[in-house]
Amino acid sequence: MTAPDASALAALWATALAGEPAGLERALGENSRLPGPRADLELAARLADTAGAT
């Protein structure tokens, strides 16, 4: 699965804030590459940017 882009992540974030976090949790779980030595830092940065913009 391809990691969500910024707009998809923003939509998932908004849905999570509305009380339905399952989609965001699933996307992060499937795309974070954790556990492991090479986490998806770009995904983490996009999530931080999205959270910071709200």
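The set of residues from the stretch 36-47 being closer than 18 Å to THR15 by Cβ and of a type outside the set (D, E, K, R) comprises LEU43, LEU47. Evaluating LEU12 against the criteria (1) exposed (fewer than 14 other Cβ atoms within 10 Å of the Cβ); (2) touching a Gly at 6+ places or on another chain (Cβ under 7 Å) leaves one unmet condition, (1).
Only the coordinates and a few stated rules stand behind these numbers; no lab work does. Predicted, not measured: the structure shown is a model, and the values here were computed from it. No Cβ is skipped: glycine too gets one built from the backbone with ideal geometry, and neighbour counts run over all protein chains shown.
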